[in-house]
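See structure below.
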Amino acid sequence: MNSSKFPDWMRSVQQRTEVALGRILPPSAVTPDRLHEAMRYATLEGGKRVRPLLAHAAGEVTGARPDALDRVACAVELIHAYSLVHDDMPCMDDDSLRRGKPTVHVEYDESTALLVGDALQSLAFQQLAEPGLLTDVGRQIEMVHHLAIAAGSRGMAGGQAIDLQSVGQSLTREALEVMHVHKTGALIRASVCLGALAGHYCSTDVFQRLDHFSRRIGLLFQVVDDILDTESDTATLGKTAGKDAENNKPTYVTVLGIDEAKRLAHELESEALELLEPLDDKADAMRDLTRYIVHRRF
Ligand code: GRG
């Protein structure tokens, strides 16, 4: 892909993801209407859709059908939306702003927020279990297996547990990496791997290369997130800036300092792009997406 086409590609994936999510989420008018309305509030019209973008970019490398990628994109975005709703609750980060609007427990109430997260997670797995998603049913089960591990105690939920235990502690760089590999990295990794697995041309070599790439990009995403949290403001981010520092949580900026965090981001970007080098122009969207993840402003 010519780099000048990337903004159009990105907008098109974001738009088709929004349409697919709108179709998949139960209508607000259907009972239990308040829960369904809150699920839609938590998921629609917000966010950069980085995980759907990664799934589509990986699927382009392996020749996946766009409609299959829409399901995969919805599955990873629904897990992400659930994690944000629960993360914002008073028993976790206790935040009142997300994606530029009041968090779900503020707009609705705590029990609704808890149920929204639960229901979004189920809906995510329902997408991957959809009959006919792939002709290769074994491959489809493999995708469910990947997402289950990424979302569970050995992945995102486990990372969140480590995060909660780390409040007020001074972590080493290695310990910080372990936390983020689980908390943020596991779902980003799954987004790439699931997108890749959806395609016919997913050889072991290509899969391993994309998997390796996804681990670099997961860390990169987090390092950039920590830099933005320090250098940007609440209005631009659409979430409370400086929240981690306020909560006395270790970040790449507090552990390494801002200059070293930026150097690390640059190094991870180069490593990620290097891993894509042997792939042909079908990986151009992934290359541009990598650059977008580093240079984004929110
Ligand atoms: C509650 C089980 C459970 C897990 C929560 C991912 C997570 C674990 C919490 C999110 C907290 C957080 C701010 C993490 C930093 C990185 C991150 C995931 C940022 C939010 O993701 P973006 O920037 O958000 O992709 P948008 O809104 O663009 O989708």
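The values are calculated or read from the model by the stated rules, or taken from the named source; none is laboratory data. In this text the structure is predicted, and so the values were computed from the model without any measurement. A quick note on method: Cβ atoms are made from the backbone with ideal geometry, for glycine too, and the neighbour counts reach across all protein chains shown. Accessible surface is based on the protein model in full, side chains and every heavy atom, while ligands, DNA and RNA are left aside. Shrake-Rupley method; radii C 1.70, N 1.55, O 1.52, S 1.80 Å.
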Could you please put THR234, THR62 in sequence from largest to smallest accessible area, using a 1.4 Å probe? THR234, THR62
Springs between alpha-carbon pairs under 10 angstrom, Gaussian network model over the chain: which of ALA81, ALA261, ALA29 fluctuates most? ALA29
Just to confirm my numbers, what's the Cα centroid distance between the stretch 178-206 and the stretch 28-99 in Å? 17
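For the stretch 3-295, what does the convex hull of the Cα positions come to per residue, in cubic angstrom?
Convex hull volume per residue, Cα atoms: 121 Å³.
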When the dipole is taken about the Cα centre of the chain, and only Lys, Arg (+1) and Asp, Glu (-1) are charged at their Cβ, what size is it in debye, to the nearest 20? 480
When the helix-only estimate is applied to the chain (DSSP H runs of n ≥ 4, each -39,500 (n - 2.57), divided by the residue count), what is the mean residue ellipticity at 222 nm, nearest 500 deg cm²/dmol? -21500 deg cm²/dmol
In the stretch 14-56, which GluC sites (Glu not before Pro) fall in coil by DSSP and have 14 or fewer other Cβ atoms within 10 Å? GLU45
Checking the stretch 233-298 for trypsin sites (Lys or Arg not before Pro) in a loop per DSSP with at most 10 other beta-carbon atoms within 10 Å yields ARG297
What list of ³J(HN,Hα) couplings, whole Hz, do you get for the stretch 200-211 from phi and the Karplus terms 6.51, -1.76, 1.60, once you set θ to phi - 60° and write x for glycine and proline? 5, 9, 9, 5, 4, 5, 5, 4, 5, 5, 5, 5
So, relative contact order of the chain in percent, Cα under 8 Å, 6 or more apart, is 22
Given the options ALA235, TYR108, GLY195, identify the residue whose Cα lies farthest towards the positive end of the charge dipole of the stretch 85-236 (+1 on Cβ of Lys, Arg; -1 on Cβ of Asp, Glu). GLY195
Charges on Cβ only, +1 for Lys and Arg, -1 for Asp and Glu, centred on the Cα centroid of the chain; of LEU128, ALA64, GLN14, which one is farthest towards the dipole's positive end? ALA64
Filter on LYS239/LYS262; LYS48/LYS282; LYS183/LYS249 - keep pairs with C-alpha separation over 18 Å: LYS239/LYS262; LYS48/LYS282
Rounded to whole Hz and in sequence order, give me ³J(HN,Hα) for the stretch 170-182 from the Karplus expression 6.51 cos²θ - 1.76 cosθ + 1.60, θ = phi - 60°, writing x for Gly and Pro. 9, 8, 6, 4, 5, 5, 5, 5, 4, 4, 6, 4, 7
